[in-house]
Amino acid sequence: MNAPLPAMLHDNPRLDRWIAFPTRGKVTVLTGRVELGQGVLTAMAQIASDELDVSLARIGVHSGDTETTPNEGYTAGSMSIQAGGIALRQACADVRALFMAAAAKRLACDPHVLSVRDGAILRDGQPTGEDYWTLAPQVNLAVAATGAGAAKPVSAFVAIGANTPRLDLPDKVFGAPAFIHDMRLPGMRHARVVRQPSRGASIATIDEAAIKRAAKAPVTLVRNGNFLAIVGDDETAVDRAAVAALTAINWNNVEQPAASQQEAAWLLQRPMVDIKFGAPEGTDTQGKQRFEATYTRGYLAHASISPSCGLALFKDGHLTVWTHCQGVFPLRGALARTLKLAPEQITVQHVQGSGCYGHNGADDAAADAAIIAMQTPGVPVRLRWRREEEFVYEPKTSAMVVKVRALVDANGKPADWTAEIWSGTHNGRPGSGANLLAAYALPEHPADPPLNDVPESNGGGATRNAEPLYDIPQKRILQHLVAETPIRVSSLRGLGAMPNVFALECAIDELAERAGVDPVAYRLSITGDPRARAVIEKVAAMAKWDAQAAGGTGVGRGIGFARYKNKAAYGAVVVELEVEEEIRLRHVWAAADAGLVVNPDGAINQLEGGIIQSASWVLKEQVRFDNGVASFDWETYPVLKFSEVPEIDIQLINTRDPVPLGVGEATAGPTAAAIGNAVSHALGARIRDLPLTRERIMAALLKD
């Protein structure tokens, strides 16, 4: 009996949705996973190369197309290889088995004497004149996978585990039109949306003449309810008109967030839904000391390098949309609900855009273009947001408050642990409802879904990584899911993992200090998981960790550890920094266990990126409010500069384990915690609120 199919292959069993042999000597890998800058297309090609026994040079990858590729939901949560890669591997094994059976039949021989070398069929190691392409007309791939194909053992891999150059980089490096912003279609017109200042705002007056005068070239206003767009052949003219429209249109019912709402503490008094996970509340307090501390993080933006863009064409009753979103099938469903079309009337195709891990404005820009295209049939529409629009209107990640409570036994170790969390949802993607910005401006729009967050089975949203992996007898999570936030919130890289790991790992350091034990030794004393111990010990060795290093000198070191979602890759990070009026990172070391690594260089790039982005979140980033979102460019929303990036050393361990573990977000939480702990070591004072600004540093020093 065959083993159960991987979940994604079970949900998309037809083999022709995974592999095709389009022309002589070529193989096409079809995947629902999309390229966001993480190198996933290259990794998928490596997997197919090994399982099909064809060279990488023969393989092309087509991704994110509702007409041809498998529906793999979102490219998110570090699941591309852990789920999608495993599914592709088995699909390739099944395809290979079908071709071996067809070859054996044609050659009238036992399949066991056959093998494949770069697509050619060999018999007892000798050429037969047959190959995948001569057999392809007789092999029907429009059949369901069975799992009958035997996937190769790790020892047989050649492409998997090699540092393979990225397939997507040459065009980007040498300036080819690789991005959606570069797309041009015959007869295409440009568009900008005049955005509602807030949900529920309605147009009071429009000075159309002023808008058209400002354009200095012909433009058209397209309106549907409170959705208003400016369309024209000249993009510069459309831009001028869009800027003029900001003052040429008056709105009713405008509500904007106030400065007092930007801090996480504002969430504490809001209406919420309470959810409990884990053990009952601990009652055995005899002989135990109490620990309690509260940690916060404000709202964050995705801050993509380029604004969002989308293209659409409505022709002959069919809508085609080009987008850089992370889930083409969920977006198709949301567009169908919004536009009252059948899903079969919509094709959504992914085109690469500016890197973004999470729900930024890409889905919204695609919806903008689609709505305009529906009202201008036969005309391709290119819709691009402005920089200010991206910052102000894209979904943010929710502010969070995390309160840690622990009961500590006589040995100074936690015996009971509670993480209490206040947060908005992290589940605002279009697939969970409508949540397309333009939809709320239409006369009729889909109803909001019931308040929800990412379920624990998928790693949780606000609760992600809230449960420590350490050996603590009693653990629980109390989630307060805040019903309404001042701004639209959704998912950003890691969801709640970063603030949760920051809180629990800072708390672990505080407990170690109370116990008088070195932070590394303390973690090892409460960790039985051998893979967790291995990354902690490895990073400590890499950094030459000194348990006797004096604190309060202005120079500090800190460690942070987590296993992402408690079921993906293990990561441990040590940070060395110095603190004066501001924090300067000197060096970061990281060790990660991601199991089987398809492309080590790609995995290290992901880990490095997580470190740098997390450092930016911790040291600089917070969305500000002042009668609206006041963070609208790189001056008002500063991020880490190239000159502020420290030296980074990363080592992967256990890379030939048969099972891959998602690696994309493995270092973000540990980096945040390591910085927080290093700052505490440097100052001799603990700062529990992010970002770690100059004002908070001075306040902590004055307090002590």
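The values are calculated or read from the model by the stated rules, or taken from the named source; none is laboratory data. Because the structure is predicted, anything quoted here is derived from the model rather than measured. Note that we place each Cβ from the backbone using ideal geometry, even for glycine, and neighbour counts take in every protein chain shown. Heavy atoms of the whole protein, side chains included, go into the accessibility calculation; ligands, DNA and RNA do not. Shrake-Rupley method; radii C 1.70, N 1.55, O 1.52, S 1.80 Å.
Some points to look at:
- Computed extension gain for residue 542 through residue 445, at 0.36 nm per residue and net of the alpha carbon distance, reaches 29.4 nm.
- Surrounding net charge for residue 393, when Lys and Arg each add one and Asp and Glu each subtract one, Cβ distance under 11 Å: -1
- Summed residue charge, Cβ within 12 Å of residue 110's Cβ, Lys/Arg positive, Asp/Glu negative: +1
- For the chain, DSSP calls about 75 percent of its internal beta bridges antiparallel.
- Solvent-accessible area per residue for the range 480-639 (1.4 angstrom probe, square angstrom): 33 Å²
- Potential extension, residue 265-residue 112 segment - 0.36 nm per residue separation minus Cα distance: 48.4 nm
- FRET efficiency for the residue 534 to residue 7 pair, using the beta carbon distance and R₀ = 25 Å, is estimated at 0.35.
- Computed on protein heavy atoms with a 1.4 Å probe, the accessible areas place 316, 363, 53, 601 in the order 316, 601, 53, 363, largest first.
- Residue-averaged [θ]222 nm for the chain, counting only DSSP H segments that reach four residues, each worth -39500 (n - 2.57): -8500 deg cm²/dmol
- ³J(HN,Hα), Karplus 6.51/-1.76/1.60, whole Hz, each residue of the range 28-42, x for Gly, Pro: 10, 8, 10, 9, x, 7, 10, 7, 10, x, 9, x, 5, 5, 5
- Average silhouette area of the range 547-648, convex hull of alpha-carbon atoms, in square nanometres: 9.4 nm²
- Calculated SAXS-style log₁₀ I(q)/I(0) at q = 0.23 Å⁻¹ - the range 99-200, Debye, Cα scatterers: -1.24
- Rolling a 1.4 angstrom probe over the protein heavy atoms with all chains in place gives the range 322-436 an accessible area of 23 Å² per residue.
- J(HN,Hα) series, the range 513-526, from Karplus relation 6.51 cos²θ - 1.76 cosθ + 1.60, nearest Hz, glycine and proline x: 5, 4, 7, x, 10, 4, x, 5, 4, 4, 4, 5, 6, 10
- With a cut-off of 12 Å on the backbone N, the residues of the range 366-406 near the modelled label site 7 Å out from residue 290 along Cα-Cβ are 405-406.
- Accessible surface of the range 32-190 [probe 1.4 Å, protein heavy atoms]: carbon and sulfur percent: 57 percent
- Exceeding the 25 Å Cα-Cα cut-off - candidates 396/565; 403/475; 475/544; 538/567; 172/212; 105/152: 475/544; 172/212
- Pairwise label distance in nanometres, residue 587 with residue 387, each label 7 Å out on the Cα-Cβ vector: 3.7 nm
- Inverse of mean 1/r across different Cα pairs in the range 1-41, Kirkwood, Å: 12.3 Å
- Cut-off 20 Å, label 7 Å out along Cα→Cβ of residue 97, residues of the range 27-61 by amide N: 30, 47-54
- Protein heavy-atom accessible surface, 1.4 Å probe, per residue over the range 52-198: 45 Å².
- The range 346-391 - Kirkwood radius from inverse mean 1/r over Cα pairs (Å): 12.0 Å
- Residue 611 sits among other residues whose Cβ lies under 14 Å from its own Cβ, and their net charge, with Lys and Arg +1 and Asp and Glu -1, is -4.
- Cα-derived Rg over Rh, computed across the chain with Rh taken as Kirkwood radius: 0.99
- Computed accessible area, residue 356, all protein chains, 1.4 angstrom probe, square angstrom: 10 Å²
- At R0 = 60 Å, FRET efficiency that the Cβ-Cβ distance of residue 138 and residue 483 yields, to 0.05: 0.50
- Heavy-atom accessible area ranking, 1.4 Å probe, most first, across 396, 216, 26: 216, 26, 396
- Percent carbon-and-sulfur accessible area, the range 251-295, ignoring ligands, DNA and RNA, probe 1.4 Å: 45 percent
- Treating r as the C-beta distance of residue 14 and residue 173 and R0 as 35 Å, the FRET efficiency rounds to 0.45.
- Virtual paramagnetic centre 7 Å along Cα→Cβ of residue 410, amide N under 18 Å, in the range 281-300: 284-290
- Taking each residue as 0.36 nm, the span from residue 183 to residue 62 lengthens on full extension beyond its C-alpha to C-alpha distance by 41.8 nm.
- Note that the range 333-341 has calculated 3J(HN,Hα) couplings of x, 5, 5, 4, 5, 6, 9, 6, 10 Hz, one per residue in order, obtained from phi through the Karplus relation 6.51 cos²θ - 1.76 cosθ + 1.60 (θ = phi - 60°); glycine and proline are x.
- Sorted largest first by accessible area at a 1.4 angstrom probe radius, with every protein chain in place, the residues 374, 698 fall in the order 698, 374.
- Rounded accessible area of residue 617 (nearest 10 Å², 1.4 Å probe): 10 Å²
- Heavy-atom accessible surface of the range 438-570: percent carbon and sulfur, 1.4 Å: 51 percent
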